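One structure below.
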Amino acid sequence: MEWLERNVPKVVLAPSFVAILVFVYGFIAWTAWISFTRSRLMPRYELDGITQYQRLFDAPRWDVAMNNLFIFGALFIVISMAIGLMLAIFLDQKIRAEGVLRTIYLYPMALSLIVTGTAWKWILNPGLGIQQAIRGWGFENFTFDWLIKPEMAIYTVVLAAVWQASGFVMALFLAGLRSVDTEIIRAAQVDGIPTHRIYSAIIIPTMAPIFLSAFIVLAHLAIKAFDLVIALTGGGPGYATDLPATYMYAMAFSRGDLGQAASSAMIMMMVIFAIVVPYLYSELRPRHDK
């Protein structure tokens with residue numbers, strides 16, 4: 001009984017630990033192994049070097065997916081953080097309807113990305129949405145057909161993703177704004193410093209950790225983006241809005257090319273690690289007081 005009392009936490013956590021070990025890290029290892037084989041429709045376990053990675057980087061569709069990831073990721077992160085910061089500063093002015101507005105801004109986060117993608121697909125459909133509505137008001141020459149233009153379709157994904165995520169960023173920044181020492185702000189106001197200078201020179205610089213956290217979360221969402229693209233554009237027109245996650249899905253379940261799917265998955269994981277690991281290191285390393 002004494003042994004059981006001492007080891008109850010370990011006994012309770014053991015099944016979860018084993019499940020994570022097998023179904024997370026085990027399958028990561030399996031995917032890594034498959035990426036070095038000639039697997040096609042069915043897995044093959046004979047190693048074949050980096051053939052799959054050479055095929056991956058020679059594939060035009062993968063180039064499109066990576067270019068789209070750069071465009072989507074950069075615009076998604078920058079615009080979401082800019083809008084989130086502006087909304088947070090607006091709500092930080094202690095306006096009367098803050099509770100209602102905060103709920104409205106956060107509402108998109110309550111929706112799944114599939115619902116968001118489907119709704120924006122209707123809104124941006126030239127025959128149903130914004131274009132059709134404005135033409136119905138008498139502006140017959142108005143055109144907004146980004147959804148069906150290969151060179152513009154990726155920006156519709158950015159638009160929908162920003163609408164979904166900017167409220168979450170606002171919540172992060174608003175919490176950061178409310179955590180700033182009010183005595184510092186009052187002292188600056190007594191000294192006659194304008195409000196915009198208080199924010200730009202005093203408040204926002206103290207929120208650097210929150211900016212970093214928001215960047216990490218948004219970058220992670222951008223790299224893993226899948227369901228929004230599937231619901232909104234299906235990766236099209238053609239494969240004009242492919243991202244690494246949709247490329248991996250297409251190779252695994254549409255093309256029957258497990259080797260390509262595995263190699264693209266490993267590249268995605270390495271990109272995520274390149275962003276997350278330095279952040280975790282900076283946050284978790286011991287800090288020695290001077």
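Assign one of three labels to the range 165-211, namely rounded, prolate or oblate, based on the Cα gyration tensor with a ≥ b ≥ c the square roots of its eigenvalues; rounded applies when a/c is under 1.5, prolate when it is not and a/b is larger than b/c, and oblate otherwise. It comes out prolate by the Cα gyration axes. In the range 60-289, Cα pairs under 8 Å separated by at least six residues give a relative contact order of 30 percent. Within the chain, helices built from complete DSSP H runs that reach 18 Å or longer along their own axis (Cα positions) and carry a mean Kyte-Doolittle hydropathy of 0.0 or higher are 2-20, 60-91, 153-178, 208-224, 258-284.
Per-residue ellipticity at 222 nm, computed for the chain from helices alone with -39500 (n - 2.57) per DSSP H run of at least four residues, works out to -21000 deg cm²/dmol. Hydrodynamic radius of the range 60-289 by the Kirkwood approach over all distinct alpha-carbon pairs: 19.9 Å.
Which aspartates and glutamates, if any, have their Cα less than 18 Å from the Cα of K94, not counting same-chain residues under 8 positions apart? Those aspartates and glutamates meeting the cut-off are D181, E183. Apply the a/c threshold of 1.5 to the C-alpha gyration tensor of the range 198-290 and tell me whether it is rounded, prolate or oblate. It comes out oblate by the Cα gyration axes. Given the options I79, I223, I28, state which has the largest fluctuation in a GNM of the chain using a 10 Å cut-off (strictly under) for Cα springs. The residue that fluctuates most here is I28. Counting only protein heavy atoms and a probe of 1.4 Å, the accessible surface of the range 231-275 is 68% carbon and sulfur. Taking every Cα-Cα distance in the range 113-192 and sorting them into 5 Å bins from zero, the calculated P(r) comes out as 3, 13, 15, 14, 12, 9, 7, 6, 6, 8, 6, 1 percent.
The values are calculated or read from the model by the stated rules, or taken from the named source; none is laboratory data. Note that the coordinates shown come from a computational prediction; the quantities given were computed from them, not determined experimentally. Keep in mind that these areas ignore ligands, DNA and RNA; they rest on the heavy atoms of the full protein, side chains included. Shrake-Rupley method; radii C 1.70, N 1.55, O 1.52, S 1.80 Å.
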